[in-house]
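Below: the structure, in structure tokens.
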Amino acid sequence: MDHVEYIIRFLLGEGNDVFLPMVSYGPQENAKVIIEPSSFFEDGVYMTEKSLPKIPLQKLEGAEILYGEPRIIESDGQVRICADLVASAFFLLTRYEECVRRDIRDEHGRFPGKESLPYRAGFLHRPIVDEYGMLLRRYLRQCGVEIPEPAPGYRHIWLTHDVDTIWNWSNYYRALREVARRVLFNLPDKTLPLKAVRNYKQFDPSYTFPWLTEKDAQVRQLYGAERCTPLYFFMGCTKESDHDDGYMRKTKRTKELLRYLRDNDCAVGYHVSYQASIKRTEPPCEIDRIEALWGKKITHNRNHYLASREPEDFRVLLNIGITDDFTMGYADVAGFRLGTSRPVNWIDPANRNVTNLRLHPMTVMECTLDRKIYMGIQKEDDAYHFVCELLSRIYEHGGEIVFLWHNPSVSEKDPGYHRSLYQRLLRHLIECHDRCPIDETN
Ligand SMILES: [Zn+2]
């Protein structure tokens, strides 16, 4: 399918393909709605600095448009949209700007969310491509076409956890060093590290899997396994480095945890290690190691540190059989990195091929909220209300939720608010379930 057709289908919404012939990109006599192309895709413009939108952006019925004019021309039962909704959606859904502005990267090689156009133009917290879809359907209805709106509600809830570490102290040497530090600074729980090495499942603050599986199961029980998935991403590296724990070298323990998760009906995905995200020849070895312990093919991925840096990284995933990626959120600010609350097939901006890799928009990673260098939200209540605001946008457009909470952050020993916040958010989802109209359509 070509990229323009895919984008128009995406805007029309799931189940609305039958209306495709009524929309055209460029003049067409029989179309009901015509979207006027801007110069975005033209040679000499596409993939150059010239193609980047200028702030302030103009608005069409409240929605910021990136290209074209915010004008509608109606004549003879036909609507002409002078805003280039196709190019605007393409820009956002493909992370186009991150490909053109390759010189903008943070210390980990990632594109910073605060540099993104949606953040700078003030709409990162809105799934604006879903708003374009609403506009397109509204103009079709103005022409007498009875196209339905998607049912509001949460289409899928992904409760995801990146397993960056399974235990804090892997041996007595490390535990003793930590005991000495605690004694020196008179910190609480002085002997905890030693107890944790002896029995990590009971005492290690990072081993929170029983708590997580129990909480997540409550949501899954209510929404059903087809609409709620607890999903754990595992790293396959065996070497410890500054950014990777390398727990896979302890094969027996890692396998035990995988078995525990399988027994609790959780899904498992691949977490590309920091080193492998730099050295692109590593992912095949890493995923093989995890699959050997898990006993099944792995098709879901998220990169450690959210370090999916360039389009080339997605090509690596496609080559190792990944079908679904969950990396697409910014570490420094939460919101809709892909401009949508719905999963979208990755379109490679270099050749505009619509690939089979589904990108799932990450709603929020817990540490984005409170870390000073990220959003720096100090109060749990403020973080809760911020996330609920994102959830209400997802609900409105029938999108999906992707939460990322790391296992150590929900430890009782962690001084932050993430354990409590996670519980409140899950309770919110449980309360929402009763008024979720998607259920009636299923
Ligand atoms: Zn990670």
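Cβ-Cβ contacts under 9 Å between residues 6 or more apart (or on different chains), taken from a first residue in region 389-404 that is on the phi > 0 side of the Ramachandran plot and assigned by TED's automatic domain parsing to the domain that holds V129 to a second residue that is surrounded by fewer than 23 Cβ atoms within 10 Å (Cβ to Cβ) and assigned to a loop (DSSP other than H, G, I, E, B), are absent. Taking helices (runs of 4 or more DSSP H) as the structural unit, those lying wholly within region 214-295 and holding at least 2 residues that are within 13 Å of the ligand (Cβ to nearest atom) and under 21 Å from the mean Cα position of the chain (by Cα) correspond to 274-278. Can you report the number of residues in region 257-283 which are among the charged types (D, E, K, R), surrounded by fewer than 14 Cβ atoms within 10 Å (Cβ to Cβ) and free of Cβ contacts under 8 Å to residues at least 40 places away in the same chain? Matching residues across region 257-283 total 3.
Residues in region 156-177 that are of a type in the set (S, T, N, Q) and within 16 Å of the ligand (Cβ to nearest atom): T160, T165, N168. With respect to the stated conditions, D204 is away from the ligand (no atom under 16 Å from the Cβ), over 27 Å from K297 (Cα atoms) and crowded, with 18+ Cβ neighbours inside 10 Å.
Restricted to region 301-336, and to residues there that are among the acidic types (D, E) and assigned to a loop (DSSP other than H, G, I, E, B), the residue that is farthest from the ligand (Cβ to nearest atom) is E310.
Residue by residue, here is whether (1) touching a residue at least 24 places away in the same chain (Cβ under 8 Å); (2) crowded, with 22+ Cβ neighbours inside 10 Å; (3) β-branched (V, I, T); (4) in the same structural domain as H428 (by TED's automatic domain parsing) holds:
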{"position": "Y132", "(1), (2), (3), (4)": "yes, yes, no, no"}
{"position": "L136", "(1), (2), (3), (4)": "yes, yes, no, no"}
{"position": "A151", "(1), (2), (3), (4)": "yes, no, no, no"}
{"position": "H161", "(1), (2), (3), (4)": "yes, yes, no, yes"}
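Listed here are the residues, each with its yes/no results for (1) of a type outside the set (A, V, I, L, M); (2) without any contact (Cβ under 8 Å) to a residue 40 or more places away in the chain.
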| site | (1), (2) |
| --- | --- |
| P53 | yes, no |
| Q58 | yes, yes |
| G68 | yes, yes |
| I73 | no, yes |
| Q78 | yes, no |
| V86 | no, no |
| T94 | yes, no |
| V100 | no, no |
| R105 | yes, no |
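I'd like to know if region 182-191 contains one or more residues that are farther than 20 Å from M365 by Cα, modelled with pLDDT under 95 and within 16 Å of the ligand (Cβ to nearest atom). No, that holds for no residue.
The values are calculated or read from the model by the stated rules, or taken from the named source; none is laboratory data. Remember, it's a predicted structure, so these values are computed and weren't measured experimentally. Don't worry about glycine lacking a Cβ; one is built from the backbone with ideal geometry, like all the others, and counts go over all protein chains shown.
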